[in-house]
Amino acid sequence: MNELLWKEFVIKKVINPDALPDKIANSWEVCRKKDLNPFQMVSNTVLLYDQLSMKQKRHKLLIDLVEEEIIKISKIFNQSESLLILTDAEGYIIWRQGNARAIDQANNIGFFEGSRWNELDVGTNAISLAISKRMSQKVSRFEHYAVASHEWSCFACPIFDGDHLVGILDISTYKNNHIEHQSVTQLIAERVMNRLFQRRIKQQQALMTYVVGTDNHSVLCNEHKQVVYFPTEMERYKQLSLGIDIEAFCHQYDGLYNVESLLYDQELIGYKYQFYTNNHTERKYYPGVLSENKTYQNFLEKVYKAAEGTVPVHIRGESGSGKEIIAKTIHYNSPYKDGPLISLNCGSISENLLESELFGYAAGAFTGASKEGYSGKMRQAEGGTLFLDEVDSMSLKMQAALLRAIEEKQVTPIGSNKSYTVDFRIVTATNQDLKTAVCEGRFREDLYYRLYVIPLQIPPLRQRTEDLLPLIESFCQKKKWQITWKRELFDITKHYPWHGNIREFNNFLERLYMFYPIEQPSSHVIKELIEMTTFSAPQAPSNLRVKIEQEKNIQPKNEAEKILQTLEEYNYHKSHAAKALNMSRTTLYRKIKKYQLDVI
């Protein structure tokens, strides 16, 4: 094809169908309709260094296989002025090798690693056609849509792993209509595919060995998440069959399931999906990560049982243990599930605001009040569930008002003479022992008996360390973070107490993901990232510990001194100090103000 045909198309937007292959003519038309500039010199999409490194790491096996095959016939390419290009299935260049002159010219048009070479980035080219047609394609000089590629002739071969397209191997020559070594390039691609096939057979053998030796009740997938085995008890699901994408099945599956990566010789070979298929479990709603701990599973059964009733439930759990998750589980498995779930943290607002938030207020009831008034959380929860977290932080006055509303099932907004009948289920939560609060006079005994009908104690994370791995898996799924060192991460994290429970653990994973999205950090670095915020850091030198212990043993003379000493001990972290003092944050703030303590 000559340059005149291309110029006629660019200037007059006219295509001579007899002079152009259909695939070229169709591609040119697509580029024109997408307003792609035929005079642009580089790709519209280029990866950042970290993004490229991640792709190269993900496709390391493919790159290694191509390099190994090329070495076997390196003499052929050493005498050529060609450029070999390897892309992933999206057209991103992940590897290249070739003649120095060809590389220099390729750099001028952005034909380098990290650049995406598809139709909408650079116009008509062999790589994008090979991706869309799923077969080898040739594009010579002026058949390219963009002028930047007019000096190049290219031949691209797709590389498949089974039915899965994994890459494109391309050979390009500069200022030459004749593309050298097309047959050799095709042969390399076929050899790579053959080796991928042999590898896949070994992986499937390893997966089958896993089934026979350890587990024949799970669905197994290869590294592309295609089903290679499922147990007989899953045959009743007609959507499940060999070779399908398991994520499509998971999307429509009603029950709970767990995912685990499978490694063979430190290499990812597939995934194990454990589906919980018994009818009892499938009916239950649980928004948390599925637990593998027997104690927590028994606890969850109690939660499901408690949810079936209508009486009040009190949840006790350490900070970050998932009290909100349990509250949601109770609500959405209860007779009130069709109503709203209204939540309020009683420790996060002052007493005056808490009263208006709970009971609502009439229009103009106080300065700053809304002209329309406010219905309040209790009325909003009508027909549903009212969840009060940190209920122990309420003042005795507010406790009395709450008790009266619960007993009478009547709510009177502030500034109003009108009462409203309410019907809702109440669920409360604390991270303190409510019995102790009653004994110390901080919580009304009559309200305690109203709320403490079904008590539930959430097991802390340190008592179920086997759940760390599912938490890691869940985090990686949400972030689409593909790592092969989850087991190593689990082996390190299981030795820490995680006093902040799931919240602290997820915060650590966020730090790890932010600093190490691609490479695997050393165990020392992982420990540093954990200990950055944990209270279980390495001990201080012995002489310093003695001094600290001596200072700790000095008894405070009064409550103010005790508060100051505790705040200093916890580096003025008020939430942790309040917990150590066995009081709510609201109470702590009130006492700091009362004693006029000068704290940070």
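What the table shows:
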{"quantity": "Residue that is most open to solvent (accessible area, probe 1.4 Å), among those in the stretch 80-103 that are of a type in the set (D, E, K, R) and under 22 Å from residue 56 (Cα atoms)", "calculated": "90"}
{"quantity": "Residue check for residue 473: modelled with pLDDT under 95, of a type outside the set (A, V, I, L, M), open to solvent by 60 Å² or more (accessible area, probe 1.4 Å) and in a helix (DSSP H, G or I)", "calculated": "no"}
{"quantity": "Of all residues making up the stretch 334-355, the number that are assigned to a loop (DSSP other than H, G, I, E, B) and touching a Lys or Arg at 6+ places or on another chain (Cβ under 6 Å)", "calculated": "1"}
{"quantity": "Top-ranked residue of the stretch 345-357 - restricted to ones that are under 26 Å from residue 439 (Cα atoms) and not charged (D, E, K, R), ranked as most open to solvent (accessible area, probe 1.4 Å)", "calculated": "352"}
{"quantity": "Leading residue by the ranking (modelled with the lowest pLDDT) among those in the stretch 359-391 that are among the aliphatic types (A, V, I, L, M) and in contact with a Gly (Cβ under 6 Å, 6 or more places away or on another chain)", "calculated": "365"}
{"quantity": "Some residue of the stretch 361-373 being surrounded by 20 or more Cβ atoms within 10 Å (Cβ to Cβ), touching a helix residue (DSSP H, G or I) at 6+ places or on another chain (Cβ under 6 Å) and not aliphatic (A, V, I, L, M)", "calculated": "no"}
{"quantity": "Helices (runs of 4 or more DSSP H) wholly inside the stretch 498-600 that include at least 1 residues being in contact with a Lys or Arg (Cβ under 8 Å, 6 or more places away or on another chain), modelled with pLDDT of 75 or more and open to solvent by less than 80 Å² (accessible area, probe 1.4 Å)", "calculated": "501-515, 523-531, 559-569, 574-580, 585-594"}
{"quantity": "Strands (runs of 3 or more DSSP E) contained entirely in the stretch 224-333, each with at least 2 residues that are touching a strand residue (DSSP E or B) at 6+ places or on another chain (Cβ under 9 Å) and at pLDDT 90 or above", "calculated": "313-316"}
{"quantity": "Residue pairs meeting the criteria (Cβ under 8 Å; at least 6 apart or on separate chains; first over 15 Å from residue 388 (Cα atoms), in the stretch 450-468; second part of a helix (DSSP H, G or I) and open to solvent by 60 Å² or more (accessible area, probe 1.4 Å))", "calculated": "459/295; 463/295; 464/295"}
{"quantity": "Residues (crowded, with 24+ Cβ neighbours inside 10 Å, farther than 14 Å from residue 82 by Cβ and not small (Gly, Ala, Ser)) located in the stretch 142-154", "calculated": "143, 144, 145"}
{"quantity": "Failed criterion for residue 431 (all others in (1) more than 29 Å from residue 581 (Cβ to Cβ); (2) buried (at least 19 other Cβ atoms within 10 Å of the Cβ); (3) in contact with an Asp or Glu (Cβ under 6 Å, 6 or more places away or on another chain) hold)", "calculated": "(1)"}
{"quantity": "Residue match in the stretch 5-17 (condition: within 24 Å of residue 86 (Cβ to Cβ) and not in a loop (DSSP other than H, G, I, E, B))", "calculated": "no"}
{"quantity": "Residue list for the stretch 130-145, filter: farther than 16 Å from residue 26 by Cβ, outside any helix (DSSP H, G or I) and touching a residue at least 60 places away in the same chain (Cβ under 8 Å)", "calculated": "140"}
{"quantity": "Residue check for residue 443: of a type outside the set (Val, Ile, Thr), under 35 Å from the mean Cα position of the chain (by Cα) and farther than 28 Å from residue 506 by Cα", "calculated": "no"}
{"quantity": "Flag for residue 20 being part of a loop (DSSP other than H, G, I, E, B), surrounded by 17 or more Cβ atoms within 10 Å (Cβ to Cβ) and not β-branched (Val, Ile, Thr)", "calculated": "yes"}
{"quantity": "Checking residue 492 against (1) more than 19 Å from the chain's Cα centre (by Cα); (2) surrounded by 14 or more Cβ atoms within 10 Å (Cβ to Cβ); (3) closer than 29 Å to residue 432 by Cα; (4) not basic (Lys, Arg), the condition it does not meet", "calculated": "(3)"}
{"quantity": "Evaluation of residue 113 against (1) assigned to a loop (DSSP other than H, G, I, E, B); (2) closer than 28 Å to residue 2 by Cα (one fails), failing number", "calculated": "(2)"}
{"quantity": "Neighbours by Cβ (under 9 Å, 6+ apart or cross-chain): first from the stretch 29-53, over 30 Å from residue 9 (Cβ atoms); second open to solvent by 90 Å² or more (accessible area, probe 1.4 Å) and part of a loop (DSSP other than H, G, I, E, B)", "calculated": "53/519"}
{"quantity": "Residues within the stretch 26-77 that are hydrophobic (A, V, I, L, M, F, W, C), in a loop (DSSP other than H, G, I, E, B) and open to solvent by less than 90 Å² (accessible area, probe 1.4 Å), tallied", "calculated": "4"}
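Here is a yes/no grid of residues against (1) surrounded by 18 or more Cβ atoms within 10 Å (Cβ to Cβ); (2) at positive phi:
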position: 123; (1), (2): yes, yes
position: 140; (1), (2): yes, no
position: 156; (1), (2): yes, no
position: 165; (1), (2): no, no
position: 170; (1), (2): yes, no
position: 198; (1), (2): no, no
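For (1) in contact (Cβ under 8 Å) with a residue 60 or more places away in the chain; (2) surrounded by fewer than 21 Cβ atoms within 10 Å (Cβ to Cβ); (3) on the phi > 0 side of the Ramachandran plot; (4) not charged (D, E, K, R), each residue gets a yes or a no:
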residue	(1), (2), (3), (4)
316	yes, yes, no, no
331	yes, no, no, yes
337	no, yes, no, no
340	no, yes, no, yes
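The values are calculated or read from the model by the stated rules, or taken from the named source; none is laboratory data. This is a predicted model, so every value here is computed, not measured. With ideal geometry, Cβ positions are generated from the backbone for all residues, glycine too; neighbour counts draw on all protein chains shown. To get the accessible areas, we keep the full protein, side chains included, count just its heavy atoms, and leave off ligands, DNA and RNA. Shrake-Rupley method; radii C 1.70, N 1.55, O 1.52, S 1.80 Å.
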